[in-house]
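Colleague: Before I ask anything, here is the structure I am working with.
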Amino acid sequence: ASPLSIDKNVTIIATGVTIDAAGKGRALNVAKGATVTMQGGTLKGGTGAVLPASLRSTALPEHMNATARALLQTANLNPQATTLTYGGVLSNAGTLTLDGVTVTGGKANSGGGIYNTEGATLTLKGNTNVAGNEATALNSDVNTFDQGLGGGIYNKGTLTLAGGRIDGNRATWSGGGIFGEVGSVTTLTSGSVNDNACTRPLTGTTNADADGCAGGGLYMAGDLTLGSASISGNTATHFGGGAVVLSSCVGAECTTIITPTFTMTGGTVENNRTTGKVDNGGGGLWLNAKSTISGGVIRGNSSMYGGGIDTWRDLTITGGTIEKNTATDSGGGIIFIRPGRTYRIGGTAQISGNTATGSGGGV
C-alpha cells in the first residue's frame, strides 16, 4: 500500500526477500540523516512518486545554442511537469549501501530504478544488480523537462559503484544506465555499466537540425571517475554511446559555465556505439569537461565523429590504450572539436589500429 520508509540507522538482512511495489508507488524510501545497509534481497516493480518542483533541474547544457537553452529554461513552467515522476523503485536521501541487492522492473521519468537526492550518498557493492529499469518521457518529441533521464540511476549526490552491475536499463533521452546532475560525484571503482541504452530516435537530416538521445551508458553533468570498471556495449542515437560528461550553464545566455571533471585511471570503455545517421559523435566517450586519462583501455567503439573519444574541452592523456575504434567520418581514435583548448598526449599512452572513412584514422 505504501513504500517501506526508513528514517533511522539500520541494517536490513533481506536474503531471499522480495519487496514488490507492484506498480503502486515505490518499494523503498530512505530519509535524510538515516544510515542504512541492505544485504541481499530484491526491490522491484515501482513507479515512483510525483517529482517536487524543488527537485527539478535548472542547469542547461553548455554546448547548445542560446535558442535551445531558452526553450529548456521555459519548459520548467510546462504544466506537464507537475505530473513527472522520480525514483521508480527506490529514493535515497540519506546514506545507503546496497550489498548484493537486485533493483529491477522500475519505471519513472527520472531514475527508473533509483533516485539519489542532493546531499545523499549511495554505494553499490558485492553482486548488486540494477537492471531492467526504465526512465520514460511524457513527450519524446521535445527534450525540455525532467523526463527520460537515468534508466538505472538518477544521481544528484554521491554515487560509488564498488562492485555489481548497472546493466540492461533504458532511458528515452539521457543516461540509459546512470544520469548525473550538476554537482553530483560518481565514482566507478569496479563493476560494470554495460548494455544500457537511450532510445529516442535521431531526427533531422543535417548536422544543424539533428536531435536525439545521449549517454547510452552514462550522462554526467557532474564529476566522473573511472577506475577498474567496465563501460561496455551501450548505445545512444546522437552522442556518447558509452558516456557523456558535459559542461552546463546558468541561464540561456550561458553567463556562468559549470565545468565538471572526467578522470580515467583504468577500466575499459569497449564496444559502445552511436547509431544515428547524421551528426553523431563519441562512440566511447563524448567529453565537454576537464578530462585526464592516465590508464585503462578504450577499444572497439564506433561513431560518425570520434569513434573512441569526441572532446570539446581540455584533455590530457598520459597513459592507457586507445585502439581499434572506428569513425564513419573523422577521428577514428579521437576527434578534437574546438580551437583554443589544450590537448596533450604523451607518457605511456598508445593510440593504434583505429580507422576513419574520412580523415584522422588515429587523431
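The values are calculated or read from the model by the stated rules, or taken from the named source; none is laboratory data. These numbers were taken from a predicted model, which means no experiment stands behind them. All Cβ positions, glycine included, derive from the backbone under ideal geometry; neighbour counts span all protein chains shown. Each accessible area value is taken on the protein alone, full model and side chains, heavy atoms only, with ligands, DNA and RNA left out. Shrake-Rupley method; radii C 1.70, N 1.55, O 1.52, S 1.80 Å.
Colleague: Using amide H atoms built in the peptide plane, which far-off residues or other-chain residues are under 5 Å from N288 H to H?
Modeller: When sequence neighbours closer than 5 places are left aside, the close amide H contacts are V245, L246, S247, W312.
Colleague: Note the angle between two axes, namely the Cα long axis of helix 66-75 and the longest principal axis of the Cα atoms of the chain, as a number of degrees from 0 to 90, rounded to the nearest 10.
Modeller: The answer is roughly 10 degrees.
Colleague: For the chain, which longest stretch is free of loop sites, where a loop site is one of the trypsin sites (Lys or Arg not before Pro) that DSSP puts outside H, G, I, E and B and that has at most 16 other Cβ atoms within 10 Å?
Modeller: Looking at the chain, 57-276 is the longest stretch - no exposed trypsin sites (Lys or Arg not before Pro) with at most 16 other Cβ atoms within 10 Å.
Colleague: Within a Cβ distance under 13 Å of V103, other residues only, what is the Lys/Arg minus Asp/Glu net charge?
Modeller: Residues close to V103 contribute a combined charge of 0.
Colleague: Then there's this: Accessible area per residue for the chain in Å², computed with a 1.4 Å probe and the full protein assembly in place, what is it?
Modeller: On a per-residue basis, the chain sits at 37 Å².
Colleague: Helix-derived [θ] at 222 nm for the chain: sum -39500 (n - 2.57) over DSSP H runs of at least 4, divide by residue count, nearest 500?
Modeller: Estimated from H runs of four or more residues: -1000 deg cm²/dmol.
Colleague: Pairs of alpha-carbon atoms within less than 8 angstrom and 6+ residues apart define the contacts here; what relative contact order does the chain have, in percent?
Modeller: Result for the chain is 10 percent.
Colleague: In the chain, once you exclude exposed GluC sites (Glu not before Pro) (DSSP loop, at most 16 other Cβ within 10 angstrom), what's the longest stretch remaining?
Modeller: Between the exposed loop sites, the longest stretch runs 119-252.
Colleague: Using θ = phi - 60° and the Karplus curve 6.51 cos²θ - 1.76 cosθ + 1.60, what whole-Hz ³J(HN,Hα) does each residue of segment 308-323 get, with Gly and Pro shown as x?
Modeller: Using θ = phi - 60°, the values come out as x, 9, 10, 10, 10, 9, 3, 9, 10, 10, 10, x, x, 10, 10, 9 Hz.
Colleague: While we're on this one: Please report, as a whole percent, how much of the solvent-accessible surface of segment 96-181 comes from carbon and sulfur atoms (probe radius 1.4 Å).
Modeller: Using a 1.4 Å probe with all protein chains present, segment 96-181 comes out at 39 percent carbon and sulfur.
Colleague: Under a GNM of the chain (C-alpha, springs under 10 Å), which listed residue has the highest mean-square fluctuation: D195, D167, D314?
Modeller: D314
Colleague: What whole number of Å gives the distance from the Cα centroid of segment 291-333 to the Cα centroid of segment 191-227?
Modeller: 16
Colleague: Can I ask one more? Taking amide H atoms as placed 1.01 Å from N in the peptide plane, list the residues 5 or more away in sequence, or in a different chain, whose amide H sits under 5 Å from that of S232.
Modeller: V193, N194, D195, E270
Colleague: Please name whichever of N325, Q39, P61 sits farthest to the positive end of the charge dipole of the chain, dipole taken about the Cα centre and charges placed at Cβ: Lys and Arg +1, Asp and Glu -1.
Modeller: Final value for the positive-end residue is Q39.
Colleague: Where is the GNM fluctuation largest for the chain (alpha-carbon springs, 10 angstrom cutoff): G151, G33, G126?
Modeller: The residue that fluctuates most here is G33.
Colleague: So which residue, out of M38, M264, M220, gets the largest mean-square fluctuation from a GNM of the chain using Cα contacts under 10 Å as springs?
Modeller: M38
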